[in-house]
Amino acid sequence: MHVTILPISAEHIEEFHRMLDVVAREHKYLAFLEAPPLEDTRAFIMRNIARNNIQLVALVDGRVVGWADILPKDRPIHAHVGVLGIGLVPEFRGKGVGTALLRHVLEQGRKKYVRVELTVRAANTRAIALYEKLGLQREGVCGDAVFVDGRYEDLIMMAIIDRPPALAG
């Protein structure tokens, strides 16, 4: 299996949208329960491209099978913080694609942000183990932060901080 990881482009939008919908409808990983309308997704991606935000896709045999992004927070006091998101269609999980995506996106994120953070559902132990393996650390728990399909779930807050030495004081 050959995996190609590259910045998202307009040609990936429809496949990205379909993939996002597949992952969202699992009700296990994302804040979405289904993908937003295609035109909203298109506007979101085109805005990210125009702003040079970090948004990558993983392709296998030319097919979009995963994504990872690190997007800026919208307040000036958080200009040094990026929020990590990642997703993979089910048939490509456990095959190294997520690890490759995460490595690439963190490499780019460290050039742009001091802090990269995420939240992950506490039951998603495979993702938590991967995040920890690549240097993210648990910072806390948001109890009952998610309510999906009649169940409350905790979110684990995680981050990786890479502060330049001159600012370490």
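Any chance the stretch 77-90 includes a residue that's modelled with pLDDT of 95 or more, out of contact with any Asp or Glu (no Cβ under 7 Å at 6 or more places or on another chain), surrounded by fewer than 17 Cβ atoms within 10 Å (Cβ to Cβ) and within 25 Å of Ile13 (Cα to Cα)?
yes
What are the residues in the stretch 1-34 that are loosely packed, with under 13 Cβ neighbours inside 10 Å, under 17 Å from Val97 (Cβ atoms) and aliphatic (A, V, I, L, M), if any?
Within the stretch 1-34, Met1, Leu6 qualify.
Do we have any residue at all in the stretch 31-51 that's touching a residue at least 12 places away in the same chain (Cβ under 8 Å), touching a Gly at 6+ places or on another chain (Cβ under 7 Å), farther than 20 Å from Val89 by Cβ and among the hydrophobic types (A, V, I, L, M, F, W, C)?
no
Tell me, which residue of the stretch 135-145 that is within 18 Å of the chain's Cα centre (by Cα) and surrounded by 12 or more Cβ atoms within 10 Å (Cβ to Cβ) is farthest from Gly96 (Cα to Cα)?
Filtering the stretch 135-145 for residues that are within 18 Å of the chain's Cα centre (by Cα) and surrounded by 12 or more Cβ atoms within 10 Å (Cβ to Cβ), the one farthest from Gly96 (Cα to Cα) comes out as Glu139.
Working carefully through the options Val116, Val148, find the one that is surrounded by 14 or more Cβ atoms within 10 Å (Cβ to Cβ) and either out of contact with any Pro (no Cβ under 8 Å at 6 or more places or on another chain) or among the aliphatic types (A, V, I, L, M) (or both).
Val116
All but one of (1) surrounded by 15 or more Cβ atoms within 10 Å (Cβ to Cβ); (2) farther than 24 Å from Val120 by Cβ hold for Pro37, so report the exception by its number.
For Pro37, the exception is condition (1).
Which pairs have Cβ atoms under 9 Å, sit 6 or more apart or on different chains, and link a residue in the stretch 153-165 that is among the small types (Gly, Ala, Ser) to one that is not in a strand (DSSP E or B)?
Ala159/Leu136
Please count how many residues of the stretch 123-160 are assigned to a strand (DSSP E or B) and aliphatic (A, V, I, L, M).
10
Could you check the stretch 96-126 and list, in sequence order, the residues that are out of contact with any Leu (no Cβ under 9 Å at 6 or more places or on another chain) and within 24 Å of His27 (Cβ to Cβ)?
Once the filter is applied, which keeps residues that are out of contact with any Leu (no Cβ under 9 Å at 6 or more places or on another chain) and within 24 Å of His27 (Cβ to Cβ), the stretch 96-126 yields Ala123, Asn124, Thr125, Arg126.
Looking at the stretch 1-33 only, could you name the residues that are in a loop (DSSP other than H, G, I, E, B) and farther than 24 Å from Tyr152 by Cβ?
Met1, His2, Ile8, Ser9
If a residue has to be without any contact (Cβ under 8 Å) to a residue 60 or more places away in the chain and either of a type in the set (Val, Ile, Thr) or in a helix (DSSP H, G or I) (or both) to count, how many in the stretch 93-119 make the cut?
Residues in the stretch 93-119 being without any contact (Cβ under 8 Å) to a residue 60 or more places away in the chain and either of a type in the set (Val, Ile, Thr) or in a helix (DSSP H, G or I) (or both): 15 in total.
Considering only residues that are assigned to a strand (DSSP E or B) and among the aliphatic types (A, V, I, L, M), which ones fall in the stretch 34-57?
Within the stretch 34-57, Ile54, Leu56, Val57 meet the criteria.
When the stretch 63-92 is examined, which residues are found to be without any contact (Cβ under 8 Å) to a residue 12 or more places away in the chain and part of a loop (DSSP other than H, G, I, E, B)?
Scanning the stretch 63-92 gives Lys73, Asp74, Arg75, Ala79.
The values are calculated or read from the model by the stated rules, or taken from the named source; none is laboratory data. Keep in mind the model is a prediction, meaning the values are calculated, not measured. Please note: Cβ atoms are built from the backbone with ideal geometry, for glycine as well, and neighbour counts cover all protein chains shown.
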